[in-house]
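Quick note: the coordinates plus some simple rules give every number you see, no bench work behind them. Keep in mind that this is a model prediction, so the values were computed, not measured. Cβ sites come from the backbone with ideal geometry, for glycine too, and all protein chains shown count toward neighbours.
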């Protein structure tokens, strides 16, 4: 397993290099101009100077090489310096990936936006898993019962209603008509005591509800199907014939087998938490990663979009590896070495 | 239906009376077991023979309520294990019968073990559940059990997973699990069907020796009359969810009475038969049991069928000493005067 992990990590390097090149090249080829949002009365030669100041005068391979150096060398060094409070080399003049539109380092922007996204999207993921797993288990164990039918109905709704509809719907119901929760997520809110914590929970409920509905719907169906696959297996009959309690049969023998594909799916979807929920963040004005990405795209802020996209790619490659390793740990039949 | 009539001084450890099991399916009710009665004494091995769908497995699984309900439903009868009716036990009491007093070995050892738990875990589970053993006691007993069923280096193999065992070895593990709590009855549901012939012979030898060593009653379900001849004391032939013939094994092979048993025996290839002989088969299909049999279920395939067979289901009666058969017809050499008159 260890050797397999090392091999996979080494294999990830060329994969990520290819991905980084494709991302950089695609976005570079895309039409758009970083000065297009500047006032229209700026003369053409000034615009050209601005472009050159942003580094656009250099040829493609130079810009790509510099970006790679900034991403893989400069930014990690910077993070190390911040964590350990040391100075490595010439940190004053080290070039960082700078956002064109805000002129601040992209990594700082991400660090600033990440908490909002993790609070809302991460919480929705946790809530979704916490609901989906038990509901899936019970639905499968009591297949075609009223509980199962109701669960199927609700998950179908979760599957088929997109967040741009359900988000507006819950705002109309819970904010406008009932007035229970705010429709806008206050990003500046700081949790200091019990009351401010309650306010934070209060403003998280609606976006979390919308996202959790989607996540729960998909995961419940998956959990249920995986349980059903295993409930009719011969080893379940063996466990019953050994005189094990129903609880041990279902929650130990069946669940242990059913969780193998489910945990893999959960791990594979973790990068999407960091990716944020673009639409839901827009609806509830959550100032998270999704909002940052959309803003960057609208402003033609290539370094921001390239870096964010590449971070997602790194996370996806990483969590694919995590899922494979988890699979090997959970299923003794799988041996990678 | 009369109680089977082989007499012996020992009281039966398991006695089943008039067991009836149905399945509720979308195409209606399937009558899988239609009043089966049998008994099993300690140290005795009873073979249960019949085609697929004759109700052998369903009968045995009904005893321990191992069939999922629904679709299955046990609609009648009793199954006394040393006087306690298994069909009317509380779920918690039934749990301790399963694995504790009755061990069950299933047909396919490749799928009957849980792939994600070690053999040691699966083997110690019933020991800790029923005998309240500690982890270390159960482990010691598990090692004994694995060597009992002939698995080499049991200490090491306890930590292995099922996929690290061959089919024959897995079936030995299944037998060890079934024997874990010293059951009074072992039910083996076609335990060698999924194994190749040499492994089958090894498993049969193992069961023979274990039976002498441990003295439990064994029910051996199979569709292979050759297997039964080698190991059983008595044989029960089942057809259409009914026991159609029951006798000591030597008696049954010497004087089969039911046309179905006779046909089954004729399908066996003999070692001294000539090569050019085609394998014999019984024409027709086993009955689709959408209703409880009101006529003899074998009648459509029987070579000796006559009017009475279609009107009335023959009861299981003692036709010769220690030999029960459910048929209106008698083989020629055994026809008695009264039966000739009845048929006429």
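Normalised by 2.2 N^0.38 Å, where N counts its residues, the alpha-carbon radius of gyration of region A:25-69 equals 1.28.
Taking Cα atoms only, the orientation of helix A:123-141 departs from the longest principal axis of chain A by about 20 degrees. The alpha carbon convex hull volume per residue for region B:6-92 rounds to 105 Å³. Largest mean-square fluctuation among B:155, B:190, B:245, in a Gaussian network model of chain B whose springs join Cα atoms under 10 Å apart, belongs to B:155. Inter-chain Cβ neighbour count for B:91-99, averaged per residue, equals 3 (cutoff 10 Å, partner chain atoms only). By the count of neighbouring beta-carbon atoms within 10 Å, fewest first, B:219, A:249, B:317 end up ordered B:317, A:249, B:219. Remark: the Cα gyration tensor places region B:100-201 in the oblate category, a/c being 1.5 or greater and a/b not exceeding b/c. Axis angle, to the nearest 10 degrees, between helix B:135-148 and the longest C-alpha principal axis of chain B: 50 degrees. Other protein chain C-beta atoms within 10 Å of residue C-beta, averaged over B:219-229: 0.
For region B:161-248, rounded, prolate or oblate, judged on the Cα gyration tensor with a ≥ b ≥ c (square roots of eigenvalues), a/c < 1.5 rounded, else prolate if a/b > b/c? It is prolate, given that a/c is not under 1.5 and a/b is the larger ratio. The alpha carbon centroids of region B:241-259 and region A:53-95 are separated by 90 Å. The calculated FRET efficiency for the pair residue A:201 and residue A:84, based on their C-beta separation and a Förster distance of 51 Å, comes to about 0.90. All Cα-Cα distances of region B:200-311, cut into 10 Å bins from zero to the largest, leave 12, 37, 33, 16, 4, 0 percent in each bin in turn. I want to verify a result. In a Gaussian network model of chain A, Cα cutoff 10 Å, which of these has the top mean-square fluctuation: A:224, A:96, A:47? In this elastic network of chain A, the residue with the biggest mean-square fluctuation among A:224, A:96, A:47 is A:47. Neighbour counts of C-beta atoms inside 10 Å place B:184, A:49, A:242 in the sequence A:49, B:184, A:242, starting with the fewest. Highest mean packing first, where packing is the average number of other Cβ atoms within 10 Å per residue, the peptides B:33-46, A:182-195 line up as B:33-46, A:182-195.
In chain B, inverting the average of 1/r over every pair of distinct C-alpha atoms gives 21.3 Å as the Kirkwood radius. Counting Cβ atoms of other protein chains within 10 Å of each residue's Cβ and taking the mean over peptide A:243-251 gives 4.
Averaging over all projection directions, the Cα-based convex hull of region A:113-330 occupies 14.9 nm² in the image plane.
Axis angle, to the nearest 10 degrees, between helix A:302-330 and the longest C-alpha principal axis of chain A: 30 degrees.
Based on Cα contacts under 8 Å between residues 6+ apart, chain A shows a relative contact order of 27 percent. Distance between the C-alpha centres of region A:206-280 and region B:113-173: 28 Å, rounded to the whole angstrom. If the chain linking residue B:308 and residue B:134 were pulled fully straight, counting 0.36 nm for each residue of separation and taking away their Cα-Cα distance, it would gain 56.4 nm. Normalised by 2.2 N^0.38 Å, where N is the number of residues, the C-alpha radius of gyration of region A:1-148 stands at 1.58. Prolate is the label for the protein assembly as shown, because a/c, from the alpha-carbon gyration tensor with a ≥ b ≥ c as root eigenvalues, is 1.5 or above and a/b exceeds b/c. Per residue of chain A, the DSSP helices (runs of n ≥ 4 H) give a summed -39500 (n - 2.57) that works out to -22000 deg cm²/dmol at 222 nm. Sorting the segments A:34-45, A:66-77 by their mean number of nearby beta carbons within 10 angstrom, highest to lowest, gives A:66-77, A:34-45. Residues A:119, A:180, B:220, A:83, ranked from the fewest to the most other C-beta atoms within 10 Å, line up as A:83, A:180, A:119, B:220.
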